[in-house]
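Colleague: Below: one structure in structure tokens.
Just so it is clear, none of the values below were taken in a lab; they were calculated from the coordinates. Keep in mind it's a predicted model, so treat the numbers as computed, not measured. Every residue, glycine among them, receives a Cβ derived from its backbone with ideal geometry; neighbour counts consider all protein chains shown.
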Amino acid sequence: MKNFEIHMNRRTFVASLAAPLVAAQSGDTPAGTPWFRRTFRWGQTNITEIDPTRYDIPWWREFWKRTAVQGVIINAGGIVAYYPSKFPLQHQAEFLQGRDLYGELCRAAQSDGLAVLARMDSNRTAEDFYRAHPDWFTRSASGEPYRAADKYITCVNSPYYEQYLPDVLREIIGRTHPSGITDNSWSGLDRGRICFCDNCARRFRERTGHPLPKAADWDSPVYRQWIEWNYARRLELWDFNNRVTKDAGGADCLWLGMNSGSVTEQAHSFRDCAKLWKRAEILMLDYQARGSFGFEENSDAGKRIHGVMGWNKLIPESMPMYQAGGKTWFRVASKPAAEAHLWMLEGFAGGVQPWWHYISAYQEDRRMYHTPGPVMRWHRENERYLLNRRPIATVGLAWSQRNTDFYGRSEAREMVELPYRGFQHALIRARIPYVPVELDQIGEASGVRTLILPNIAALSDAHASALRGFVNRGGALIATGATGLYDEHGDPRSDFALADLFGAHVTTRPGEERKWAAQSLHSYLRLTPELRAKVWGPQTGKEPAIHGVRHPIFKGFEETDILPFGGMLAPLRLDDGAETLLTLVPPFPVFPPETAWMREPVTSIPGLILNGRMAYLPADLDRRYAQDGLPDHGELLANLTRWSAGEHLPLRVEGRGLVDCNLYAQPGRMILHLVNLANSAGRGPVDEILPIGPLRVSVRFGQDSAPKEIRLLVSGSRKPSGIEGQWASFTLDRLEGHEVAVLE
């Protein structure tokens, strides 16, 4: 395990941290501490139907010990039952032959002192079940049942969810008394298809007075009601299932549907992130591998979830030891250890707990059995520094699931996720600690002085008011793209909801930005004032005269008057006092090269507007950075953040390499995670971690809390703390996978 470092200001939280978790970390767990506050490390062997013939339970019990797990997830029922159920339509595993494999594993784990979650996968069944209860299944508009491969998809509004599944849960709890139940595919049919079964038609009409919408149409009020109705139904199921399990197994017997760390994926499955995360006592995170954005997705997911759930709760995450991610998953082939470790380490950096995951109890590729042990054991040895803490960050990155739904619609990745990821990557590249901030929690974002709104287009009047309150309390805003140009339903406004703060007003009808987002154009942005008259290079004598000095956000761009853009912009009307620092150079030909010259080199169409401490970036450089990865875009976004944050950034890290920096506070200490991401530039799995360094690290501390010593938990070394003013500094000579620095 390598590379993580800590920089944080201790003058924070503490009082709000939960006593049971504090005690659990100290190794002295008070009697009565529930399992969901003291089970930090998990393991799961996802049983296949052939496994009853080859499950070596003694070997796996030893593996549980080797990997320091405190809880296990064991397949029980749903699509496939691994015990002799009394329900004949619950399909018995093909090779079960009357054996109670689930029960055997459950009893073994419980005798070893482990928490047990009985795993369900319950949203589809075999054909015999469908034939017996055809009215319990989803239907297309033509009346045909929806299917997934050879299975039939059940309807969340049918007795299958309200009568049959609760009886199965009661049976499982009655047989083995697990700590709780978790369900992999609990939320039913996703947003890509409308269920036209009689149950849905009746219930939707009862709730809204309307027939079901015939197709996806985000401009239709009925379709929007259908979206809201589906979200409400999943919340009802979450609460209902928890009542069932608690009635059957006691107050601590929780039902826990697994959830993704991606807001886009959650939205597609009708899972309301904020409302579900607030309900959860522990969140079982099914977010198994990096996507197209990188390992930092995992630390971001942890911080995002904790920001809603609270930092006193646990987020175990399914971390596959097989090759997951990309277009093809290889379920029984070992993932390179470096790839698995970096994903796990980024989870630790965001407050996520480890949960190794295998498909099948018997592997021919046995390299994967060596992968989790070192990370799990390191986590056990250092858990006191990985729990019961709060982030130190003065920069907040806003997000809104409603924006994902009602503005992103069917293009949520392009319209919502890419702007967020682009700004996120720019902050990481600049070593600027940040916290995700859900829009409803603007007033609770303790310590945040600069709030970034990456294309938060769907903005309610209440959220606009909260943002004005944030500014009135001394906060600074950075907004991009179409922020505030639509209301919470996705309907266009006549002007920006924050037009008074932007110092800018629309002059054209909203909607064009959706067309431009999908394009990549040969356009540029012009910096002001232009400096090429004084910069070494050919001269024509017609270079513009230099008036004034460049703004500090253009640091590093002294030898250019243009930056690549790739998008388009609409004209805006500006208030007096609003300052335009970037303007559009409209697209011109790329091919043939003889035609690649600017037809309209100068316009007044603004790409960046400063209005006091408010920065509005109509040019969607955050989206462009996520798409194109041009360093100029990332550097400008970082410069804009540094200018906005002023003297309030708590961390400085100097040296080469891409490093994700996350800073936390605990009573009496600061903790800095540093993760080496320089190895993850390629799309393929990382198979070797190449070290970087040296890095010079400086952490701002409180007025009366200068750290005396710095301990590095990965290398096991100690560093003297160099104190200069309010900064404690040290040098990290070598950063491999990660390091965690404790300043106290």
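Colleague: Residue 32: net charge of surrounding residues, Cβ under 11 Å, Lys/Arg +1, Asp/Glu -1, itself excluded?
Modeller: Values: positive: 37, 38; negative: 252.
Result for the neighbourhood of residue 32: +1.
Colleague: Treating cross-link reach as a plain straight distance, find the lysines whose alpha-carbon is under 22 Å from the alpha-carbon of residue 246, omitting any fewer than eight places away in the same chain.
Modeller: 86, 275, 278, 313
Colleague: Something else: If contacts are Cα pairs under 8 angstrom and at least 6 residues apart, what is the relative contact order of the chain in percent?
Modeller: Values: 1624 pairs, mean separation 116.9, N = 744.
RCO, the chain: 16 percent.
Colleague: Which is the longest run of the chain containing none of the chymotrypsin sites (Phe, Trp or Tyr not before Pro) found in DSSP loop states (not H, G, I, E, B) with at most 10 other C-beta atoms within 10 Å? Don't skip to the answer; put the middle values down first.
Modeller: Values: sites that count: 536, 597.
Result, exposed sites excluded: 1-535.
Colleague: Loop only per DSSP, at most 10 neighbouring Cβ atoms within 10 Å: give me the GluC sites (Glu not before Pro) in segment 639-695, ordered by residue number.
Modeller: Details: sites: 647, 654, 688; in loops: 688.
Loop-located and lightly packed - 688.
Colleague: Restrict the search to segment 657-744; then list the trypsin sites (Lys or Arg not before Pro) that DSSP places in a loop and that have at most 14 other Cβ atoms within 10 Å of their Cβ.
Modeller: 683, 708, 734
Colleague: Just report the Cα centroid separation between segment 541-578 and segment 697-717, whole Å.
Modeller: So the separation of the two Cα centres works out to 41 Å.
Colleague: Which distance in Å, rounded to a whole number, links the C-alpha centroids of segment 514-540 and segment 374-394?
Modeller: 45 Å
Colleague: Among the trypsin sites (Lys or Arg not before Pro) in segment 584-635, which ones are in a DSSP loop with at most 10 other Cβ atoms within 10 Å of the Cβ? Mind listing them?
Modeller: Numbers: sites: 599, 613, 623, 624; in loops: 599, 613.
Of the trypsin sites (Lys or Arg not before Pro), the ones in loops of segment 584-635 whose Cβ has at most 10 other Cβ atoms within 10 Å are 599.
Colleague: Separation of segment 420-471 and segment 300-351 by C-alpha centroid, Å?
Modeller: Result: 24 Å between the Cα centres.
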